[in-house]
């Protein structure tokens, strides 16, 4: 079982973060929200609609209003940056070529990559690829954006750019943002509300400030990155001394 | 012993599961046909990468196979003093069998493996998943145009192969071994029947195109999204398509020419 009796509310217009150690199923949670996975029990409701009760058509209609930013960026490798951002517009709208051009340039301008429009995805750095993916995710003006580990593997500058962009876009476009991450500093800097998830349960919740001053040992260990605590340093094993003298 | 039986059962179950998945996949691919036909640009791009890029290998192989047929055929036929019938022998072998079958095998190796690797990598890099989240059905956007392109290209490639092969046979038979030019062509014209020979060859190539493209696309779509998974899927494509083409060829030949 990945989640057990988990309950979360994502407030409209806010940046909500879901944090927890690697391997706790944070990405799975995003896939549940996006309808790519189905829960065995329980429901996910977006804007009054229960995701896994929608039919194919309804689900696709809902997804047009959601953006998901994959960890890898998931750009289409056989298209230029421009074509990647234009992709959802071409697939879902009947806009004229000049209209698409203006829209794409506006979205690229918002992420600072208007000048990179003719590059291919393999010519981009990791941070740039994520920004292009972000431009693509906002191409259809969604109501909600989900970020899967947006800060992982970024250099300090790209990280700063992304942190700023996520907050800025959320406020300027009136989005609702969900960030899944384990980078405490960056996430605390922009999140309005944080859920800490571990072992399939919510182990802490609150604003960044509340969590910093939480009296839960687990929350303290995670927020401060202590090596030992409720999450032990050692993987469970038999007694060290016994193990050393034992003959196989 | 019990373990062996279990393994056999497991193996059989997996095969049937895969057959079921691939049938659903084919259904999903085919039902998207109308949408894709309304966007010919998607198909044209794939016709280029699946069909046009396979032309060179088809021409070269066709030429050599035709030349070998000319040589071998001449040696055998001249024993019976029938070397003037070389044109019929070359053309019949190519149009009925070698054209569709060898083109099918080359197609599976050249275009099929490329399709599997491309789709498998798209899956591994989350491009298919990303498309789904953008509310674009990856089967209809990516798979269906490729399927149509393979289906359309195969018969054309097989026809090209046979044509070049006949010319290759002419090159050796008439050019080097001294078969009469007029006899080569006129006997061919007299003996090769449109319905019996050419049409049956076309049917074969259409069926092989369908099989090879389906297997290639399904293997890519069903691949385990890791480098090892994609490599295994690519191998599967070549092995399974080749065996399927040879097996189905026997059945088709028996039905068409076997008087069964």
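The values are calculated or read from the model by the stated rules, or taken from the named source; none is laboratory data. Source: prediction; values computed, not measured. Cβ sites come from the backbone with ideal geometry, for glycine too, and all protein chains shown count toward neighbours.
Residue A:195 fails exactly one of the following numbered conditions: (1) in contact with a helix residue (DSSP H, G or I) (Cβ under 9 Å, 6 or more places away or on another chain); (2) under 25 Å from residue A:231 (Cβ atoms). What is the number of that condition? The failed condition is (1).
Meeting the requirement of 3 or more residues that are surrounded by 22 or more Cβ atoms within 10 Å (Cβ to Cβ), the helices (runs of 4 or more DSSP H) wholly within the range B:164-260 are B:200-221, B:227-257. So, in the range A:146-160, of the ones that are in contact with a helix residue (DSSP H, G or I) (Cβ under 7 Å, 6 or more places away or on another chain) and in a helix (DSSP H, G or I), which residue ends up farthest from residue A:211 (Cα to Cα)? Going through the qualifying residues, I end up with A:158. Take the conditions (1) away from chain B (no Cβ under 13 Å); (2) out of contact with any helix residue (DSSP H, G or I) (no Cβ under 8 Å at 6 or more places or on another chain); (3) outside any helix (DSSP H, G or I); residue A:98 misses just one of them, which is (3). Looking across the range A:108-124, the residues that are assigned to a loop (DSSP other than H, G, I, E, B) and farther than 15 Å from residue A:170 by Cα come down to A:112, A:113, A:117, A:118, A:119, A:120, A:124.
When restricted to residues that are within 14 Å of chain A (Cβ to nearest Cβ) and more than 25 Å from residue B:203 (Cβ to Cβ), the range B:85-130 contains 15.
Within the range A:125-145, how many residues turn out to be part of a helix (DSSP H, G or I), facing chain B (nearest Cβ under 10 Å) and touching a helix residue (DSSP H, G or I) at 6+ places or on another chain (Cβ under 6 Å)?
1
For the range A:61-77, the count of residues that are farther than 17 Å from residue B:136 by Cα and within 13 Å of chain B (Cβ to nearest Cβ) is at least one. Total residues in the range A:182-204 satisfying the condition of being part of a helix (DSSP H, G or I) and farther than 27 Å from residue A:1 by Cβ: the figure is 5.
Considering only the range A:205-214, state which residues are part of a loop (DSSP other than H, G, I, E, B) and at pLDDT below 85. If the condition is that a residue be part of a loop (DSSP other than H, G, I, E, B) and at pLDDT below 85, then A:213, A:214 are the ones that fit.
Here's the yes/no breakdown for (1) farther than 24 Å from residue B:141 by Cα; (2) touching a helix residue (DSSP H, G or I) at 6+ places or on another chain (Cβ under 7 Å):
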position	(1), (2)
B:216	no, yes
B:219	no, yes
B:222	no, yes
B:225	no, yes
B:228	yes, no
B:237	no, yes
B:241	no, yes
B:244	yes, yes
B:251	yes, no
